[in-house]
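Asker: Have a look at the structure that comes next, please.
The values are calculated or read from the model by the stated rules, or taken from the named source; none is laboratory data. Given the structure is predicted, the values throughout are model-derived calculations rather than measurements. Counting neighbours? That spans all protein chains shown, and the Cβs are built from the backbone with ideal geometry, glycine included.
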Ligand SMILES: *Cc1c(COP(=O)(O)O)cnc(C)c1O
Ligand SMILES: [Zn+2]
């Protein structure tokens, strides 16, 4: 891979090495994710003094309307990244939801409308595929719980890369179709995500493909930092007091933290103690369990929950997520499947945002933490909504009511309206008694 060597050394890049999170050993910027000495995960290291000297709020604001406005903080050398409009999603002031929960200043970071495939995974894949191209890969792949396959297939199609993705065979119809439509090769594996992931590790070793979340994982995961940068920029170059985000592998959670740290380090925002709280589903809550038990290791579980997109039983970054929740005085909580459905409905009814099961988990955990007094009403709180409800319709089928079927006549309409108002009154009386 001589092209890789040529690319990694060129230009004004501020990323300088892969560094082991455990022992600190450094490696060349290649397609590699595990330390050869201690098997710890590798992370991209940057030259922060160069960043401090070159990046300003103004230089960022003059950049593209996408995650690529933060390119100096991302592990790619090219000035011409794959830009499909990913990122810069709305940060919505959620007053009605805040009132319902008893908070004063709540925001929703709405990646349910991220481009191009309506989940936060478009961020990590835009970065991973740009890096894959730089490293000379022509075929890209992933082990996915659904959204990652959607993103990888779509962005590979845009970039003209060959694509083969691996998913568990029992995914929601919207997630499967939302991958197939881009015509990648799709392997539906008869097993859970952790089995899919194990298979993919073997394939990655023998096929020379760029697996965005395996051999390209150090680059891929950096894409999630943009969820931190954007919130800081959208709050007027300030950090919030408290964030609540979902946990699957734990990567997203740790990278929001890294994003805040980096902006502080280079002087783009003032340093602040931000509390980090994580959300899991009861049916797959290995990190929440370790948190509750006061353990600093994660015991893998077999997932069983409607929140399939975050159903990772053996989370690669779980211990780092635990550490961040603890040292920031945050929390990690889990909620049941019925609470997840309630969370989806609550966000829809109060804010007009239809999220998938991962977002329902985040809202339900947010509610649980407020009720337990673990989020102060005065805190500026940001809840990260990471995916779109149209992709997991099965989860709320039968819980959202039915339309009123009427004849195309005014009196039929009026009778139906009267009926629905009576039902509403009855509903309210039930609430009151
Ligand atoms: C993948 C995913 C997550 C969490 O990702 P990790 O970085 O593995 O923790 C959260 N929400 C949605 C919708 C996802 O698809
Ligand atoms: Zn190491």
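Residues are listed down the side, and each one gets a yes or a no for (1) more than 38 Å from the chain's Cα centre (by Cα); (2) within 25 Å of residue 332 (Cα to Cα); (3) within 16 Å of ligand 1 (Cβ to nearest atom):
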{"position": "350", "(1), (2), (3)": "no, yes, no"}
{"position": "362", "(1), (2), (3)": "no, yes, yes"}
{"position": "365", "(1), (2), (3)": "no, yes, yes"}
{"position": "382", "(1), (2), (3)": "no, yes, yes"}
{"position": "389", "(1), (2), (3)": "no, yes, yes"}
{"position": "402", "(1), (2), (3)": "no, no, no"}
{"position": "405", "(1), (2), (3)": "yes, no, no"}
{"position": "411", "(1), (2), (3)": "yes, no, no"}
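Asker: Can I ask one more? Answer yes if at least one residue in the range 136-152 is surrounded by fewer than 22 Cβ atoms within 10 Å (Cβ to Cβ) and out of contact with any helix residue (DSSP H, G or I) (no Cβ under 6 Å at 6 or more places or on another chain), and no otherwise. Step through it out loud before you land on a result.
Answerer: Restricting attention to the range 136-152, the residues satisfying the condition of being surrounded by fewer than 22 Cβ atoms within 10 Å (Cβ to Cβ) are 136, 138-139.
Retained after the next criterion (residues that are out of contact with any helix residue (DSSP H, G or I) (no Cβ under 6 Å at 6 or more places or on another chain)): 138-139.
Scanning the range 136-152, I find at least one residue that is surrounded by fewer than 22 Cβ atoms within 10 Å (Cβ to Cβ) and out of contact with any helix residue (DSSP H, G or I) (no Cβ under 6 Å at 6 or more places or on another chain), so the answer is yes.
Asker: Examine the range 109-117 for a residue that is surrounded by fewer than 24 Cβ atoms within 10 Å (Cβ to Cβ), in the same structural domain as residue 239 (by the TED database), under 19 Å from the mean Cα position of the chain (by Cα) and over 26 Å from residue 15 (Cβ atoms), and state whether such a residue exists.
Answerer: Yes, some residue in the range 109-117 is surrounded by fewer than 24 Cβ atoms within 10 Å (Cβ to Cβ), in the same structural domain as residue 239 (by the TED database), under 19 Å from the mean Cα position of the chain (by Cα) and over 26 Å from residue 15 (Cβ atoms).
Asker: Would you say residue 339 is at pLDDT below 95 and surrounded by fewer than 24 Cβ atoms within 10 Å (Cβ to Cβ)?
Answerer: Numbers: at pLDDT below 95: no; surrounded by fewer than 24 Cβ atoms within 10 Å (Cβ to Cβ): yes.
The answer is no for residue 339.
Asker: Just give me the residues in the range 198-214 being under 30 Å from residue 109 (Cα atoms) and either surrounded by fewer than 24 Cβ atoms within 10 Å (Cβ to Cβ) or not assigned by the TED database to the domain that holds residue 165 (or both), in sequence order.
Answerer: Within the range 198-214, just 214 meets the criteria.
Asker: Look at residue 264 and say whether it is part of a helix (DSSP H, G or I) and either at positive phi or over 11 Å from the mean Cα position of the chain (by Cα) (or both). Spell out how you get there, then give the answer.
Answerer: Working: part of a helix (DSSP H, G or I): yes; either at positive phi or over 11 Å from the mean Cα position of the chain (by Cα) (or both): yes.
In short, yes.
Asker: May I ask you to verify whether residue 7 is at pLDDT below 95 and either surrounded by 14 or more Cβ atoms within 10 Å (Cβ to Cβ) or under 28 Å from residue 150 (Cβ atoms) (or both)? Lay out the reasoning, then the answer.
Answerer: Values: at pLDDT below 95: yes; either surrounded by 14 or more Cβ atoms within 10 Å (Cβ to Cβ) or under 28 Å from residue 150 (Cβ atoms) (or both): yes.
Spelling it out, residue 7 is indeed at pLDDT below 95 and either surrounded by 14 or more Cβ atoms within 10 Å (Cβ to Cβ) or under 28 Å from residue 150 (Cβ atoms) (or both).
Asker: Residue 140: part of a helix (DSSP H, G or I) and away from ligand 2 (no atom under 16 Å from the Cβ), yes or no? Quick ask: steps written out before the conclusion?
Answerer: Working: part of a helix (DSSP H, G or I): no; away from ligand 2 (no atom under 16 Å from the Cβ): yes.
It is false that residue 140 is part of a helix (DSSP H, G or I) and away from ligand 2 (no atom under 16 Å from the Cβ).
Asker: Follow-up question, since we're still on this one. Could you tell me which of the residues 122, 194, 111, 170 is at pLDDT below 95 and closer than 19 Å to residue 389 by Cα? Full working, then the answer.
Answerer: On the way: 122 fails: at pLDDT below 95; 194 fails: closer than 19 Å to residue 389 by Cα; 111 fails: at pLDDT below 95.
Among 122, 194, 111, 170, only 170 is at pLDDT below 95 and closer than 19 Å to residue 389 by Cα.
Asker: Could you tell me which residue of the range 241-252 is nearest to ligand 1 (Cβ to nearest atom), considering only residues that are assigned to a loop (DSSP other than H, G, I, E, B) and either at positive phi or buried (at least 24 other Cβ atoms within 10 Å of the Cβ) (or both)? Break it down into steps so the answer makes sense when it comes.
Answerer: The first filter runs over the range 241-252 and keeps only residues assigned to a loop (DSSP other than H, G, I, E, B), leaving 241, 247-250.
When the remaining residues are screened for being either at positive phi or buried (at least 24 other Cβ atoms within 10 Å of the Cβ) (or both), the result is 247-248, 250.
Details: 247: 5, 248: 3, 250: 5 Å.
That would be 248.
Asker: Do you know which residues across the range 9-34 are part of a loop (DSSP other than H, G, I, E, B), under 25 Å from the mean Cα position of the chain (by Cα) and within 19 Å of residue 320 (Cβ to Cβ)? Before you say what the answer is, go through the steps one by one.
Answerer: Initial filter on the range 9-34 (part of a loop (DSSP other than H, G, I, E, B)): 10-14, 21-25, 28-33.
Then drop every residue that is not under 25 Å from the mean Cα position of the chain (by Cα), which leaves 14, 21-22, 29-33.
Correct list: 21, 22, 32, 33.
Asker: Next up: Give me the helices (runs of 4 or more DSSP H) completely within the range 157-231, filtered to those with at least 2 residues that are within 12 Å of residue 143 (Cβ to Cβ), ordered by residue number. It would help to see each step written out before you state the result.
Answerer: Details: elements: 173-180, 193-207, 217-222.
Helices (runs of 4 or more DSSP H) meeting the threshold: 193-207, 217-222.
Asker: Related question: With respect to the numbered conditions (1) surrounded by fewer than 20 Cβ atoms within 10 Å (Cβ to Cβ); (2) within 12 Å of ligand 1 (Cβ to nearest atom), which one is the sole condition not fulfilled by residue 321?
Answerer: Among (1) surrounded by fewer than 20 Cβ atoms within 10 Å (Cβ to Cβ); (2) within 12 Å of ligand 1 (Cβ to nearest atom), residue 321 violates only (1).
Asker: Pairs, please: C-beta under 7 Å, at least 6 apart or cross-chain, first residue without any contact (Cβ under 8 Å) to a residue 12 or more places away in the chain and in the range 34-55, second exposed (fewer than 15 other Cβ atoms within 10 Å of the Cβ) and not in a strand (DSSP E or B)?
Answerer: Cβ pairs passing all conditions: none.
Asker: Out of all the residues in the range 370-382, is one or more modelled with pLDDT under 95 and under 18 Å from residue 348 (Cα atoms)? I'd like the intermediate steps shown before the answer.
Answerer: Going through the range 370-382, the residues modelled with pLDDT under 95 turn out to be none.
Scanning the range 370-382, I find no residue that is modelled with pLDDT under 95 and under 18 Å from residue 348 (Cα atoms), so the answer is no.
Asker: Follow-up question, since we're still on this one. From the residues in the range 305-325 that are touching a strand residue (DSSP E or B) at 6+ places or on another chain (Cβ under 9 Å) and part of a helix (DSSP H, G or I), which one is nearest to ligand 2 (Cβ to nearest atom)?
Answerer: The residue in question is 320.
Asker: So in the range 27-55, with the set limited to residues that are within 13 Å of ligand 2 (Cβ to nearest atom) and surrounded by fewer than 14 Cβ atoms within 10 Å (Cβ to Cβ), which one is nearest to residue 136 (Cα to Cα)?
Answerer: Per the stated criteria, the residue is 36.
Asker: Here are the criteria: (1) out of contact with any helix residue (DSSP H, G or I) (no Cβ under 7 Å at 6 or more places or on another chain); (2) touching a residue at least 60 places away in the same chain (Cβ under 8 Å). Tell me which single one residue 295 does not satisfy.
Answerer: Unmet for residue 295, out of (1) out of contact with any helix residue (DSSP H, G or I) (no Cβ under 7 Å at 6 or more places or on another chain); (2) touching a residue at least 60 places away in the same chain (Cβ under 8 Å): (2).
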